[in-house]
Amino acid sequence: MVARGALASFFVALSVLLTGSASWGADDFPSKPIRIVVAYAPGGGNDLFARVLAKRLTETLGKTVIVDNRPGANGIIGTKLVAASTPDGYTMILADMAHVTNPFVYSTAQYDPIKDFAPITTLGSAPVILVVHPAVPVRSVGEFIALAKGQSAKITMGSGGTGSTSHIAGELFQIRTGVKLNHVPYKGTGPALADAVAGQIQCIFSPVAAAIPLVTAGRLRGVAISSAKRASTVPDVPTFDESGVADFRVGGWYGMLAPAGTPKPVLSVLNKEIVAAVQSAEVRGRFDDALVTPGTGTPEEFVAFLKSEAARWSELIKTVGIKVD
């Protein structure tokens, strides 16, 4: 009886200790620099938004927030790095669609997009825009389809990587229109757009954040955008609906995650601070410029969203047969 009583007292004391430790961690958080991992090369949408958020969070948290680019394998390298990081809130990843599609595409992914991460909040969503090099002789989706059908699998379509938002959008377009494009994957949207500008590839279904500045500067030509209405920043670019490809609702999303096991009090702090940052005039302005619709919410809402995205795109991946061993 004494032994049982002592054991019970031990567990009570342990519970108090752990609870107190977690609370202390939240009260003290952050006490050192925070890292936002971007699993792509600089220049893409994830990188752009991570830097905007890092600047704002550095100001509001009073601790330096840095952006750490870890490109490779369509984001798998950076994603696995975060999954294996200490779950203390000091390492996060600004993720996108590839976070949920990679495990269905790559046998080397070896991570669970739900179980291995602690969702913090969604950040926003944005359409994709089909852009071509100015030398490509098309100015409409109809002309693009006609050219592609006349040169089956000869038109090169760049992407941010196999299974990325730009790749999935391109595959969906091919299914919906019956054209065949030659897919060329890159280590992120930034490098793909750079080669599109250089004329090394002919088109890309790019997230708007990275492509719009190149379109407005005349370095790439916008053909169609996947939003429900035209964008004010590129009013001459029609929607896919207007162009004869109805209900082409595919686009990118952005969200922040931490490693699984990150204490809930710390996640609450991060959620509160990141949501406030996204809603600030400075960040909202940058999001508006990039046609990103803010989509902040609770960790629970983000979990539900991740599950729905995994279910939606895994079906397309199976249909097309996208697989990398």
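Please verify whether Val250 is of a type in the set (A, V, I, L, M), closer than 23 Å to Val179 by Cβ, touching a residue at least 12 places away in the same chain (Cβ under 8 Å) and surrounded by fewer than 20 Cβ atoms within 10 Å (Cβ to Cβ), treating the condition exactly as stated.
Against the criterion (of a type in the set (A, V, I, L, M), closer than 23 Å to Val179 by Cβ, touching a residue at least 12 places away in the same chain (Cβ under 8 Å) and surrounded by fewer than 20 Cβ atoms within 10 Å (Cβ to Cβ)), Val250 does not qualify.
Does Ser314 qualify as being touching a Phe, Trp or Tyr at 6+ places or on another chain (Cβ under 7 Å), assigned by TED's automatic domain parsing to the domain that holds Asp112 and under 26 Å from Gly161 (Cβ atoms)?
So Ser314 passes the test.
Which of the following residues is crowded, with 24+ Cβ neighbours inside 10 Å and either free of Cβ contacts under 8 Å to residues at least 40 places away in the same chain or under 20 Å from Gly261 (Cβ atoms) (or both): Leu94, Leu130, Leu123? So that I can check it myself, show each step before the final result.
Numbers: Leu130 fails: either free of Cβ contacts under 8 Å to residues at least 40 places away in the same chain or under 20 Å from Gly261 (Cβ atoms) (or both); Leu123 fails: either free of Cβ contacts under 8 Å to residues at least 40 places away in the same chain or under 20 Å from Gly261 (Cβ atoms) (or both).
Result: Leu94 is the single residue among Leu94, Leu130, Leu123 that is crowded, with 24+ Cβ neighbours inside 10 Å and either free of Cβ contacts under 8 Å to residues at least 40 places away in the same chain or under 20 Å from Gly261 (Cβ atoms) (or both).
Which of the following residues is over 19 Å from the mean Cα position of the chain (by Cα), surrounded by 17 or more Cβ atoms within 10 Å (Cβ to Cβ), touching a residue at least 24 places away in the same chain (Cβ under 8 Å) and in the same structural domain as Asn74 (by TED's automatic domain parsing): Leu306, Leu267, Leu291?
Leu267
Only one of Gly158, Gly188, Gly170 is within 15 Å of the chain's Cα centre (by Cα) and surrounded by 19 or more Cβ atoms within 10 Å (Cβ to Cβ). Can you tell me which? Talk me through it step by step, then tell me what you get.
On the way: Gly158 fails: within 15 Å of the chain's Cα centre (by Cα); Gly170 fails: within 15 Å of the chain's Cα centre (by Cα).
Gly188 is the lone residue from the list that is within 15 Å of the chain's Cα centre (by Cα) and surrounded by 19 or more Cβ atoms within 10 Å (Cβ to Cβ).
crowded, with 19+ Cβ neighbours inside 10 Å, outside the structural domain of Asp289 (by TED's automatic domain parsing) and among the small types (Gly, Ala, Ser) - does that describe any residue in segment 106-116?
No.
For segment 89-205, give me every one of the strands (runs of 3 or more DSSP E) that falls completely inside it and has 2 or more residues that are within 27 Å of Pro299 (Cα to Cα) and of a type in the set (S, T, N, Q).
On the way: elements: 91-95, 117-132, 156-159, 182-185.
Those strands (runs of 3 or more DSSP E) span 117-132.
The values are calculated or read from the model by the stated rules, or taken from the named source; none is laboratory data. Fair warning: this is a prediction, and the values are worked out from it, not measured in the lab. Because the Cβ atoms are built from the backbone with ideal geometry, glycine has one as well, and the counts that use them run over all protein chains shown.
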